[in-house]
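To start, the structure itself, in structure tokens.
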Amino acid sequence: MRVSAYVIHTRPSQDSKILLDLLTFEQGLIRGVWRLPKKEARVIPGSFLCYEVECSGRGDLKTVKSLESVQSSLVLEGLPLYAVLYAHELLEKLLPTNLPLPDIFTLYQWLIQSLCSGVAIAPLLRRFEVGLFSELGMGINMVSTGRGERVKPNQLYQFHHKFGLRPYHGETPKQRPILFVDGAVALGYHAGQWTDKQVLSLAKELHRNWLDSLLSGKPIVSRGLLPKQPFQGERHLGVPIFRAL
């Protein structure tokens with residue numbers, strides 16, 4: 001089997017072998033074992049470099065027979081590097097193995113190429129997260145309520161993990177919501193208005209909680225590499241609230 005792949009994680013094994021986690025166009029996330037070449041030619045496969053990979057095996061762990069780069073490696077340093085390490089961790093923890101997800105492969109390519117261009121990192125990560133959630137069937141609905149009613153721009157809503165958006169009229173919620181949001185901001189999120197500061201702030205708070213729920217509270221270690229910017233805006237009942245400016 002030949003696949004186009006990026007190496008998103010390596011770890012040592014025994015007998016001059018390493019274990020590879022590969023994001024492939026044809027088979028999604030696959031895990032393989034690669035025997036390193038002779039010492040004089042030993043090079044561990046690098047990240048941000050697209051390979052043509054030949055592998056075999058019917059089980060979950062493939063045998064990688066060859067790795068041949070098909071393009072020049074991208075250079076990422078500082079915050080862009082930390083951002084892509086965060087993306088790698090999400091891919092490893094959220095993607096099932098051996099399931100073709102070509103759009104996620106394309107999404108990842110877009111992310112690393114965009115990070116090389118020097119644009120703002122936060123909007124890129126939020127767009128990457130949205131695409132990842134959507135492709136995995138875990139998307140966040142910000143255009144209609146849990147009952148299927150269209151979101152109104154001038155209405156305030158509460159958002160819950162299980163129930164989605166619910167209109168809020170000032171009552172004390174029976175269950176603590178993740179956040180409160182004006183309909184206009186929710187619709188801006190749905191439209192991908194990442195240049196809007198409130199939409200971007202909403203997305204950061206929303207995605208952090210959404211990921212914690214998807215991962216059952218398991219830590220995302222690479223978060224510690226990125227700048228810490230706790231929510232410092234308005235709160236209602238101790239919960240962040242995002243109002244249209």
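The values are calculated or read from the model by the stated rules, or taken from the named source; none is laboratory data. Keep in mind that this is a model prediction, so the values were computed, not measured. Ideal geometry is used to build each Cβ from the backbone, glycine not excepted, and the neighbour counts take in all protein chains shown. The area values use the complete protein model at the heavy-atom level, side chains included, leaving out ligands, DNA and RNA. Shrake-Rupley method; radii C 1.70, N 1.55, O 1.52, S 1.80 Å.
Structure above, values below:
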quantity: Of all residues in the range 145-155 being among the charged types (D, E, K, R) and surrounded by fewer than 12 Cβ atoms within 10 Å (Cβ to Cβ), the one that is farthest from VAL130 (Cα to Cα); calculated: ARG147
quantity: Residue satisfying all of: in the range 165-180; touching a residue at least 24 places away in the same chain (Cβ under 8 Å) and out of contact with any Ser or Thr (no Cβ under 6 Å at 6 or more places or on another chain); farthest from ALA203 (Cα to Cα) among these; calculated: THR172
quantity: Single residue of the range 156-169 satisfying the filter (open to solvent by 20 Å² or more (accessible area, probe 1.4 Å) and modelled with pLDDT of 95 or more) that is nearest to LEU214 (Cα to Cα); calculated: ARG166
quantity: The range 10-64 - residue that is outside any strand (DSSP E or B) and small (Gly, Ala, Ser) and, of those, modelled with the highest pLDDT; calculated: GLY57
quantity: Failed item in (1) open to solvent by less than 60 Å² (accessible area, probe 1.4 Å); (2) within 25 Å of ASN154 (Cα to Cα); (3) of a type in the set (Lys, Arg), with ARG235 passing the rest; calculated: (1)
quantity: Flag for PRO45 being within 27 Å of the chain's Cα centre (by Cα), surrounded by 14 or more Cβ atoms within 10 Å (Cβ to Cβ) and not polar (S, T, N, Q); calculated: yes
quantity: Options LEU91, LEU76, LEU67: the member that is among the aliphatic types (A, V, I, L, M), at pLDDT 95 or above and either in contact with a Phe, Trp or Tyr (Cβ under 9 Å, 6 or more places away or on another chain) or not in a strand (DSSP E or B) (or both); calculated: LEU91
quantity: Positions within the range 89-116 being of a type outside the set (A, V, I, L, M, F, W, C), open to solvent by 10 Å² or more (accessible area, probe 1.4 Å) and within 12 Å of the chain's Cα centre (by Cα), in sequence order; calculated: GLU89, GLU92, LYS93
quantity: Contacts under 8 angstrom Cβ, first residue in the range 218-231 being under 21 Å from ALA120 (Cβ atoms), partner part of a loop (DSSP other than H, G, I, E, B), 6 or more apart; calculated: none
quantity: Answer residue from the range 173-197, given it is in a loop (DSSP other than H, G, I, E, B) and β-branched (Val, Ile, Thr) and is least open to solvent (accessible area, probe 1.4 Å) among those; calculated: ILE178
quantity: Positions within the range 203-219 being surrounded by 15 or more Cβ atoms within 10 Å (Cβ to Cβ) and either part of a loop (DSSP other than H, G, I, E, B) or of a type in the set (Asp, Glu) (or both), in sequence order; calculated: GLU205, ASP212
